[in-house]
Amino acid sequence: MSIWVLCEARAGGYRPATLELLSQARRLAAAAGGPVVAVAVGDDAGAAQALEGAAHRVVTVQGGHLSPYAADPWVGALGDVLAAEAPRLVLFGEGTRSRELLPRLAARLGAAAFTNALGLEWDGGFLLTRPVYGGKAYQTIRCGEGTCLAAFRPNSFDGGAAPVPETAFGEVQAAAVPNRVEVLEQLPRESRRVPLTEASQVVTGGRGLRAPENLALLEDLADALGGAVGVSRAVVDAGWADHAIQVGKSGKTVSPALYVVAGVSGAVHHTMGMDTAKVVVAINTDPKAPIFAYADYGVVGDALQVLPALTAAVRKTAG
Amino acid sequence: MKIAVLVKEVPDLEALVKVAEGGASVEVEKKRCLSFFDEIAVEAALRAKAARGGSVVAISAGAGTGVEAVRRALAMGADGALLVDDPALGGADSLAVARALAALCRREGFDLVLAGRQATDDEAGLIGPMVAELLGLPCVIGVTALELEDGAARVSRETDRGTEVLRTPLPALLTAEKGLAEPRVPQVMGLMKAMRAQPPKVTLAELGLEAPAPTPVAGYRGPAKRPPVKLLEGEPATVAAELVKSLREEARVL
């Protein structure tokens, strides 16, 4: 009944999404009675000592061909390890890597596969919850006897489960697998911010901001909150911002603790990317805007005036 | 160059979704369309054909669904369409659907397989990379630019970490992200002709596949309802101070 978590390193430690999955795995393992196994591959194994207490066992997968990350060698290496160990559950944090690795591993292992999940419980079996029909309904799935691979949106679980008393460390040497896809260029995104899909606070703006230079107001509030900036589709289509920060159907899905949305009317295109946010603050001049139906707090007013006032108020409390 | 596009028919975004009393099932209004990212994949396939010659075939798999999706692809200019139609695919999991699509692709043989990054209903993004793995093809997901070379494709994509330009040998499977190509609006003549198209259908047995077990769904629920919104009006500075107080003391998110 072991629960595995694929661990992604970041800034000398591990992604918050990794840590919250390990926490939830410890919580469930206490009830289900099985070990939690943290698995880290290639460069992600470098910080493995930081996983002391986070899992009963840490498996690092090594091999020169695994660094830097490339899908083919990683699928080969993880496929071999998971086939040998046949865990019950393998948990991934949603991201571009999970999107690439999880389905291919599932196809290779003949495993059940679910992505975009939000909940994982134990009632004698594992129950997984995921949105369907663009978040208009939630489906609960009973995981079967075989291996199940599941990816969860960041911020789905609390990180506070008790650490385990003892962690065993082990290493696996992966057989070499050639990488068929050649990297010609890499342009890292320079950002001082947490990634949009992982941020606990997100500030999003729409056409109600009226001009591209006003997007700076979103930046200011995000800075004050220590969060990330998103935009609506209309803003991307108008060429004011890059698609990489678009929230909604054709962009990113976010699930932060606080979502502030200014000058967005609230069409389904947008709301399906944010409706699992815990607390939503909407700012709109139109008191009848649909976005208020998705909000906990609403401010009827001009985003250009309300955003700076909110930034000032947040700074005042923080300071 | 022989190009396949894997397409899915999904409920329109505006379709009404109702969870049955007790949560045993979910009822979805019959307003169906070709999934957003699949439409981009069709457009990219048509452009690839225009650049390098060849043919474009739209492929879908389901239990009595998929006709509308491939008809849309035909209306846009696809040369042909194929369906895996089998009652056992109703409620089947992604791997069963991927196996059906992969079997059909293997039978037909393609130089390039395109698919959408994810479907707009479950947003799972599983089918494309699963089919790639089952066919043993290299795979790049979330492609925002595609340029064909002899025996290879040069593609761009956005990752969590930034932008990458990659080269993959062909045949390969690529999934389309927004920005790859703006889908054309089909001409009326094309739409009329596609409406009457009866794409050839195959069953799982004809592809040598066994009927899969359905996904073990334990139940459904509607989205968590938020309490009625607390609307604040007045001077921005006053409202902002009041809001921050509520976010700290009531919602406890600051």
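Only the coordinates and a few stated rules stand behind these numbers; no lab work does. This is a predicted model, so every value here is computed, not measured. We place every Cβ from the backbone using ideal geometry, glycine too, and count neighbours over all the protein chains shown.
For the reader, a short list of remarks on this structure follows.
- Paired Rg and Dmax values of the stretch B:1-132, which use every Cα atom, in angstrom: 14.9, 54
- Take the Cβ atoms of residue A:10 and residue B:205, set R0 to 35 Å, and the FRET efficiency comes out at 0.15.
- The stretch B:12-85 - Kirkwood radius from inverse mean 1/r over Cα pairs (Å): 13.9
- MRE, 222 nm, helices only [DSSP H, n ≥ 4, -39500 (n - 2.57), over chain A, to nearest 500]: -8000 deg cm²/dmol
- Summed over all non-identical Cα pairs, the Kirkwood treatment of the stretch B:92-192 gives a radius of 14.6 Å.
- Per-selection Kirkwood Rh - the stretch B:168-223 (Cα, Å, 1 d.p.): 17.3
- The stretch B:24-151: relative contact order in percent, alpha carbon pairs under 8 Å with at least 6 residues between: 26
- Contact order normalised by residue count of the stretch A:1-135, Cα under 8 Å, 6+ apart, percent: 24
- Candidates A:277, A:266, A:216 compared by Cα position along the dipole of the stretch A:211-319: farthest toward the positive end lies A:277, with charges placed on Cβ.
- Acute angle (nearest 10 degrees) that the helix A:303-318 long axis makes with the longest principal axis of chain A, alpha-carbon atoms: 60
- Interatomic Cα distance distribution for chain B, bins of 5 angstrom, percent: 1, 6, 12, 15, 16, 13, 10, 8, 6, 4, 4, 3, 1, 0
- With the convex hull drawn over the C-alpha atoms of the stretch A:1-150, the volume per residue is 107 Å³.
- Placing pseudo-labels 7 Å out from each Cα toward the beta carbon at residue A:171 and residue A:293 gives an inter-label distance of 5.8 nm.
- In the stretch B:165-247, the GluC sites (Glu not before Pro) that fall in loop regions by DSSP, at most 15 other Cβ within 10 Å: B:210, B:233
- Remark: mean inter-chain Cβ contacts per residue of B:212-221 equal 5, using a 10 Å Cβ-Cβ cutoff to other protein chain atoms.
- Cα-centre dipole for chain B with unit charges at Cβ (Lys and Arg positive, Asp and Glu negative), debye to 20: 320
- By the beta carbon rule, with partners counted only under 4.7 Å, chain A holds these lone Cys residues: A:7.
- For the stretch A:260-295, the residues whose backbone nitrogen is under 19 Å from a point 7 Å from the Cα of residue A:237, taken along Cα to Cβ, are A:262-274, A:289-291.
- For the protein assembly as shown, a simple Cβ point-charge model (Lys and Arg +1, Asp and Glu -1, everything else neutral) yields a dipole of about 700 debye relative to the Cα centre.
- Remark: the residue B:193-residue B:237 segment gains 9.8 nm on full extension, using 0.36 nm per residue and subtracting the alpha carbon distance.
- Projecting the Cα atoms of B:97, A:105, B:153 onto the charge dipole of the protein assembly as shown (Cβ charges, centred on the Cα centre) puts B:97 farthest toward the positive pole.
- Placing one equal scatterer on every Cα of chain A and applying the Debye formula, the log10 ratio I(q)/I(0) at q = 0.08, 0.09, 0.12 Å⁻¹ is -0.40, -0.51, -0.86.
- Within chain B, longest stretch clear of exposed trypsin sites (Lys or Arg not before Pro) (DSSP loop, no more than 12 other Cβ within 10 Å): B:32-195
- Enclosing the Cα atoms of the stretch A:160-319 in their convex hull gives a volume equal to 184 cubic angstrom per residue.
- Residue (of A:287, A:203, A:246) at the positive-pole extreme of the stretch A:170-319, dipole from beta-carbon charges: A:287
- GNM flexibility winner over chain A from A:59, A:231, A:132 (Cα, springs under 10 Å): A:132
- Just so you know, the Cα atoms of the stretch B:132-190 work out to an Rg and Dmax of 13.6, 44 Å.
- Ellipsoid semi-axes in whole angstrom, largest first, where each is sqrt(5λ) of the Cα gyration tensor of the protein assembly as shown: 36, 31, 23
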